[in-house]
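Student: The structure under discussion is supplied below as structure tokens; questions concerning it will follow.
The values are calculated or read from the model by the stated rules, or taken from the named source; none is laboratory data. Given the structure is predicted, the values throughout are model-derived calculations rather than measurements. Here the Cβ positions follow ideal geometry from the backbone for every residue, glycine too, while neighbour counts run over all protein chains shown. Surface accessibility is based on the protein's heavy atoms, side chains included, excluding ligands, DNA and RNA. Shrake-Rupley method; radii C 1.70, N 1.55, O 1.52, S 1.80 Å.
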Number of protein chains: 2
Amino acid sequence: MNDQLFHPHSLKVTCSNCSLRELCLPVGLSREELSQLDAVIRQSRRLKRGEYLFRSGEGFRSLFAVRTGFFKTSVASQDGREQVTGFHMSGELMGLDGISANVHGCDAIALEDSEVCELPFSRMESLGREIPSLQHHFYRLMSREIVRDQSVMLLLGNMKAEERLAAFLLNLSSRLSSRGFSANDFILRMSREEIGSFLGLKLETVSRTLSKFAQQGWLSVDHKHIKLEQPEALKALVSGCSQAPSV
Amino acid sequence: MNDQLFHPHSLKVTCSNCSLRELCLPVGLSREELSQLDAVIRQSRRLKRGEYLFRSGEGFRSLFAVRTGFFKTSVASQDGREQVTGFHMSGELMGLDGISANVHGCDAIALEDSEVCELPFSRMESLGREIPSLQHHFYRLMSREIVRDQSVMLLLGNMKAEERLAAFLLNLSSRLSSRGFSANDFILRMSREEIGSFLGLKLETVSRTLSKFAQQGWLSVDHKHIKLEQPEALKALVSGCSQAPSV
DNA sequence: CGGGAGATTGATAGGAATCAAGCAACGTGG
DNA sequence: CCACGTTGCTTGATTCCTATCAATCTCCCG
């Protein structure tokens, strides 16, 4: 029989034993500090594909770290236009935009069945006062988000369709690779339309550009399955443009 | 004679007596807390028009708050393409992107003779541990920057030239207005090319679009001098798009 | 006064959006 | 298990917006 049925606590995932710890948390925390975190962080809320983690306008209480799965965040304009502001995989934090007004500024939607940790912000804030490295870590995470946004601005402001898509694929590739997945063979979790929204393109343009890349032998596309055959060719396309951030 | 020549200290501007305090700092600080800040914040570095406050790649030590004047921040790609990531006026903070890697991620350049306060970050960080409202204030400032960046993404990803320029002018207008300047009559501190870089447009398009607005009677343009004659018309253009943030 | 940077305006070209049609995969229900 | 409708994707034809190329023009500054 399954032990887990008898000792459900043995299943409990804590920060202390989380394999993503080095992505979410500062290094060098003491055992004591880790258990303080474990006491505050609510583990493993599960979401099904398509489910909202939070919506723009909802009260902000917590940040969320992706444990497993895949999310998109997006802002919508009154007339219904949607701008995807990011895609988020394991170890990445969502909700930072909610701190400023105590209200979430974007929607966060699971693109596959997913699991998140909830970080109640005000308690993290007080904990940060006791654990300086934690405080610093949060400043760094927010700063990294700002840097990421700047590189998206560069992409949207300066690059043409081919460059945008190449940069996007390479960025995905590098983030997957740093999580132990294959860098050159992966499944897109999002639709062409969502890619287009993120890149400031229409879905037809995304589709056409993928086909063009495939035709040149740079990659192969089978629906959502992407194989990068000549990542160097893609890199050459975006070379000169600022590099995609690696996390 | 001028008193200031004899009592230069009477000129010293501190956070305690700074008129921009409500923009830079949390409200409700005690006299004691303010003097702690005064001890840390280095007042009034002066820059001439065109001067760099910091450059991308330089070591990061401090944040900078604009006291007077006007700045642009920009990121550059290897092949020389420049993306202006923001314009900054009094009370606004620059350098937040440097925290993540301890290196400045963008250039900051004065667009007119300017004055900034320097906030040594690590000392602000420790001060934040003693003054929770200060710590929270910094989180909020960074979050606000993220929200701002998201709205720029929406602008670059979804809007067309006229909408971008209208949103830009209204955003400037509202920020100037909240600082006590006229909302409908102001001087552009940046060139057409810099506006274009920020908005993802070429300078010719900026110029043409301004002319178009003027021709419709929505505003008048005299070089850098802009008068909004029918701000409602501009608002109508961007209505449906997400509103420009007010600070 | 002259040179040059910045801005305006015009003509043309090019890239992505739009409109449209057809296809493939998936899930549901008969 | 298969028909069928739905959804997402691909591909083609055309249009539209903005970039590009080019010619002036104005103002500022030395």
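Student: Quick check on region A:190-210. Is at least one of its residues more than 20 Å from A:GLU82 (Cα to Cα) and within 14 Å of chain B (Cβ to nearest Cβ)?
Tutor: Looking through region A:190-210, none of the residues is more than 20 Å from A:GLU82 (Cα to Cα) and within 14 Å of chain B (Cβ to nearest Cβ).
Student: If you don't mind, there's one more thing I want to ask. For region A:68-99, which residues satisfy the criterion of being part of a loop (DSSP other than H, G, I, E, B) and more than 9 Å from every other protein chain (Cβ to nearest Cβ)?
Tutor: Correct list: A:GLY69, A:PHE70, A:MET89, A:SER90, A:GLY91, A:GLU92, A:GLY95.
Student: Another question, then. Checking B:GLU162 against (1) within 15 Å of DNA strand D (Cβ to nearest atom); (2) crowded, with 19+ Cβ neighbours inside 10 Å; (3) in contact (Cβ under 8 Å) with a residue 60 or more places away in the chain: exactly one of these is not met. Which one?
Tutor: (2)
Student: Here's another thing I want to ask about it. If the requirement is being modelled with pLDDT of 95 or more, surrounded by 14 or more Cβ atoms within 10 Å (Cβ to Cβ) and more than 14 Å from DNA strand C (Cβ to nearest atom), which of these qualifies: B:SER182, B:SER191, B:SER239, B:SER151?
Tutor: None of the other options fit; the residue is B:SER151.
Student: So, in region B:123-148, exactly how many residues are over 18 Å from the mean Cα position of the chain (by Cα), facing chain A (nearest Cβ under 9 Å) and of a type in the set (Gly, Ala, Ser)?
Tutor: Within region B:123-148, residues that are over 18 Å from the mean Cα position of the chain (by Cα), facing chain A (nearest Cβ under 9 Å) and of a type in the set (Gly, Ala, Ser) number 2.
Student: Looking at region B:202-229, which of the residues that are closer than 27 Å to B:GLN150 by Cβ and in contact with a Ser or Thr (Cβ under 8 Å, 6 or more places away or on another chain) is farthest from DNA strand C (Cβ to nearest atom)?
Tutor: Checking each candidate, the answer is B:LEU228.
Student: Would you point out the residue of region A:44-60, among those that are open to solvent by 20 Å² or more (accessible area, probe 1.4 Å) and within 14 Å of another protein chain (Cβ to nearest Cβ), that is farthest from A:VAL13 (Cα to Cα)?
Tutor: Only one residue tops the list, namely A:GLY57.
Student: Residue check: is A:SER114 outside the structural domain of A:ARG42 (by TED's automatic domain parsing) and surrounded by 21 or more Cβ atoms within 10 Å (Cβ to Cβ)?
Tutor: The answer is no for A:SER114.
Student: A follow-up question, please. Which of the following residues is at pLDDT 90 or above and either open to solvent by less than 80 Å² (accessible area, probe 1.4 Å) or of a type in the set (Ser, Thr, Tyr) (or both): A:VAL13, A:VAL27, A:VAL40?
Tutor: A:VAL40
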